[in-house]
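The values are calculated or read from the model by the stated rules, or taken from the named source; none is laboratory data. For clarity, every value in this text was computed on a predicted model and none was experimentally measured. Heads up, the Cβs are rebuilt from the backbone with ideal geometry, glycines too, and the neighbour counts pull from every protein chain shown.
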Amino acid sequence: MNPETTLSSAGDAVAGKKPKPFIIAHISDMHAGSQYFVPNLMDRAVIELNELKPNVVVVTGDLTNEGFKQEYLLAKSYLDKINCDNLMVIPGNHDARNVGYVHFEEMFGSRQAVLHANGISIVGVDSSEPDLDHGTVGRHRYQWVKEQFQGAGNFRVFLLHHHLLPVPGTGRERNMVYDAGDTLEVLQECDVNLILAGHKHVPHAWRLENIFAVNAGTVCTLRLRGKVRPCYNVIEILEDEVTIWRKYPFHDADLIIKFVPSTVDFEKTARTEPKP
Ligand SMILES: [Fe+2]
Ligand SMILES: [Fe+2]
């Protein structure tokens with residue numbers, strides 16, 4: 001692997017110093033309307049994303065806290081400020097509360113999302129169930145997922161809100177995907193390289209066989225476990241190397257994991273205590 005770079009490599013690429021990676025910005029769990037929502041953090045994240053100029057911004061659910069229309073309007077007002085042609089939004093369990101999915105569909109369209117660009121394919125599903133906190137992908141969706149990845153790009157990304165693998169540092173395991181095993185097998189069959197999820201508000205990365213599963217934290221709330229800080233992920237894909245950063249609004253970025261999709265070699269940064 002190449003020596004460690006910095007997140008500013010995107011800016012360097014724009015300046016012509018380095019080849020430009022394909023960049024996916026991954027934000028999650030805004031929880032607009034929650035008493036723990038911090039507008040300043042989301043304002044800052046929007047500014048940082050507009051400076052970063054990612055190719056795609058993915059939002060993996062829990063845009064709202066209770067699925068109410070006014071919460072959706074608030075979340076949308078922030079997302080509308082992101083200057084990116086490819087915004088992919090899928091709902092989370094909180095968005096499916098109080099029949100909130102009707103507002104989701106009205107404001108964001110389909111609850112599933114597909115993008116094929118630059119040899120990269122991203123497929124997102126709605127893993128929420130009305131008024132329940134656990135997730136389900138569901139047997140009825142497996143065929144659809146397989147069809148989206150048929151003949152798709154070389155690098156394949158799957159989006160959902162709930163975690164498919166347990167996340168350390170989150171207390172008692174709960175509310176994961178009821179059909180996680182079957183879903184993982186479908187994703188393996190589809191040669192998926194990367195799963196992006198949210199839900200637990202604790203960022204983490206695992207490798208399971210040929211798949212990397214990466215969770216984002218909450219971008220702009222103080223619904224935090226332990227010493228975890230609000231953050232979002234930045235994924236840089238450059239030829240056969242993928243580098244994933246955890247960016248803290250207003251602050252620095254930590255390298256989470258670097259991997260080579262063709263060999264699945266990886267270097268993962270150990271979980272560290274937050275800097276003071
Ligand atoms: Fe959440
Ligand atoms: Fe959630």
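For the range 32-60, give me each residue that is part of a loop (DSSP other than H, G, I, E, B), in contact with a Leu (Cβ under 8 Å, 6 or more places away or on another chain) and within 16 Å of ligand 2 (Cβ to nearest atom). Matches in the range 32-60: G33, Y36. Among the candidates V167, V192, V219, the residue that is farther than 21 Å from L41 by Cα, within 16 Å of the chain's Cα centre (by Cα) and buried (at least 23 other Cβ atoms within 10 Å of the Cβ) is uniquely V192.
Here's the yes/no breakdown for (1) touching a Phe, Trp or Tyr at 6+ places or on another chain (Cβ under 9 Å); (2) modelled with pLDDT under 95; (3) within 21 Å of L49 (Cα to Cα):
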{"residue": "L187", "(1), (2), (3)": "yes, no, no"}
{"residue": "K200", "(1), (2), (3)": "no, no, no"}
{"residue": "L208", "(1), (2), (3)": "no, no, no"}
{"residue": "R225", "(1), (2), (3)": "no, yes, no"}
{"residue": "C231", "(1), (2), (3)": "yes, no, yes"}
{"residue": "I235", "(1), (2), (3)": "yes, no, yes"}
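In the range 83-112, the residue that is nearest to ligand 2 (Cβ to nearest atom) out of those that are touching a Pro at 6+ places or on another chain (Cβ under 8 Å) and of a type in the set (G, A, S) is A96.
Of the residues that make up the range 119-133, is at least one more than 16 Å from ligand 1 (Cβ to nearest atom), closer than 19 Å to D240 by Cα and not in a strand (DSSP E or B)? Yes, the range 119-133 has at least one match.
Pairs linking a residue in the range 93-108 that is touching a residue at least 12 places away in the same chain (Cβ under 8 Å) and among the aliphatic types (A, V, I, L, M) to a residue that is part of a helix (DSSP H, G or I) and within 16 Å of ligand 2 (Cβ to nearest atom), with Cβ atoms under 8 Å and 6 or more positions apart or on different chains, are M107/Y72. Residue count for the range 73-86 under the criterion of being more than 15 Å from ligand 1 (Cβ to nearest atom) and surrounded by 15 or more Cβ atoms within 10 Å (Cβ to Cβ): the result is 6.
In this structure, does G171 turn out to be within 15 Å of ligand 1 (Cβ to nearest atom), within 28 Å of F68 (Cβ to Cβ) and either at pLDDT 95 or above or in contact with a strand residue (DSSP E or B) (Cβ under 6 Å, 6 or more places away or on another chain) (or both)? Spelling it out, it is not the case that G171 is within 15 Å of ligand 1 (Cβ to nearest atom), within 28 Å of F68 (Cβ to Cβ) and either at pLDDT 95 or above or in contact with a strand residue (DSSP E or B) (Cβ under 6 Å, 6 or more places away or on another chain) (or both). Being within 23 Å of D133 (Cβ to Cβ) and either charged (D, E, K, R) or part of a helix (DSSP H, G or I) (or both) is the filter here, so list the residues in the range 61-75 that pass it. Matches in the range 61-75: D62, E66, K69, Q70, E71, Y72, L74, A75. What's the total number of residues in the range 141-163 that are away from ligand 1 (no atom under 16 Å from the Cβ) and at pLDDT 95 or above? Total meeting the criteria: 14.
Going by the conditions given, is Q70 without any contact (Cβ under 8 Å) to a residue 24 or more places away in the chain and either within 26 Å of P249 (Cβ to Cβ) or surrounded by fewer than 18 Cβ atoms within 10 Å (Cβ to Cβ) (or both)? No; evaluated as a whole, the condition is false for this residue. Applying the set (1) farther than 30 Å from Q150 by Cβ; (2) assigned to a loop (DSSP other than H, G, I, E, B) to L164 leaves exactly one unmet item: (1).
Within the range 147-168, the set of residues being within 16 Å of ligand 2 (Cβ to nearest atom) and closer than 20 Å to I235 by Cα comprises L159, L160, H161, H162, H163, L164, L165, V167.
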